[in-house]
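The structure appears below as structure tokens.
The values are calculated or read from the model by the stated rules, or taken from the named source; none is laboratory data. Bear in mind the structure is a predicted one, so any value in this text is a computation, not a measurement. Reconstructed Cβ throughout: ideal geometry from the backbone, glycine too, with neighbour counts over all protein chains shown.
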Amino acid sequence: MSILDPSVAQMLKDPHTLIPAVVQEVTTKDVLMLAYMNTESLALTLKTGKATYFSRSRDEIWVKGATSGHFQEVQSVSLDCDGDALLVVVKQTGVACHTGENTCFHKPIAMD
């Protein structure tokens, strides 16, 4: 178990809740996915440079690409002004979406 640096934890609005993480590709600027982190996965991400998230469906920590090989090398992590959301900028290897698409946001909705 990796412990989040207290100076980082104090910047979080509520370190006991899941933190939404918007994931952006460093070169293309594409928004790849929305994931969630807890303090342990954030600490692991900051320590290893590998995007590590908390799976709400599996109720566990997971390293992006551990099974698919489509890893995310973290370039930077920023916290929003309210301390309740993250922007994770990554170098994506392969596709980001489990469906095989480059980004999870591949289903446009028509506007009236």
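Condition check ((1) farther than 18 Å from Phe105 by Cα; (2) among the polar types (S, T, N, Q); (3) touching an Asp or Glu at 6+ places or on another chain (Cβ under 6 Å)) across all residues:
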site	(1), (2), (3)
Glu25	no, no, no
Glu40	yes, no, no
Ser68	yes, yes, no
Val88	no, no, no
Thr93	no, yes, no
Quiz item: Restricted to segment 70-108, and to residues that are of a type in the set (S, T, N, Q) and in contact with a strand residue (DSSP E or B) (Cβ under 6 Å, 6 or more places away or on another chain), which residue is farthest from Leu46 (Cα to Cα)?
Solution: Thr103
Quiz item: Does segment 93-106 contain any residue that is surrounded by 14 or more Cβ atoms within 10 Å (Cβ to Cβ), of a type in the set (A, V, I, L, M), more than 26 Å from His16 (Cβ to Cβ) and in contact (Cβ under 8 Å) with a residue 24 or more places away in the chain?
Solution: yes
Quiz prompt | Residues within segment 61-72 that are farther than 17 Å from Thr103 by Cβ and in contact with a Gly (Cβ under 9 Å, 6 or more places away or on another chain), tallied | solution = 1
Quiz item: Taking segment 81-92 only, how many residues are surrounded by 14 or more Cβ atoms within 10 Å (Cβ to Cβ), assigned to a loop (DSSP other than H, G, I, E, B) and either at pLDDT below 95 or out of contact with any Pro (no Cβ under 8 Å at 6 or more places or on another chain) (or both)?
Solution: 1
Quiz item: List, please: which pairs have Cβ atoms under 6 Å, are six or more places apart or on different chains, and start with a residue in segment 67-90 that is free of Cβ contacts under 8 Å to residues at least 12 places away in the same chain and under 18 Å from Asn38 (Cα atoms) and end with one that is part of a strand (DSSP E or B) and not acidic (Asp, Glu)?
Solution: Ser78/Leu87
Quiz item: Which of the residues that make up segment 10-60 are aliphatic (A, V, I, L, M), in a loop (DSSP other than H, G, I, E, B) and either out of contact with any Lys or Arg (no Cβ under 6 Å at 6 or more places or on another chain) or buried (at least 19 other Cβ atoms within 10 Å of the Cβ) (or both)?
Solution: Met11, Leu12, Leu18, Ala51
Practice problem: Just need a number here: residues in segment 61-75 that are assigned to a loop (DSSP other than H, G, I, E, B) and surrounded by 15 or more Cβ atoms within 10 Å (Cβ to Cβ). | Solution: 4
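So which of Ser78, Ser7, Ser2 is touching a Leu at 6+ places or on another chain (Cβ under 8 Å) and either of a type in the set (Val, Ile, Thr) or not in a loop (DSSP other than H, G, I, E, B) (or both)?
On inspection, the qualifying residue turns out to be Ser78.
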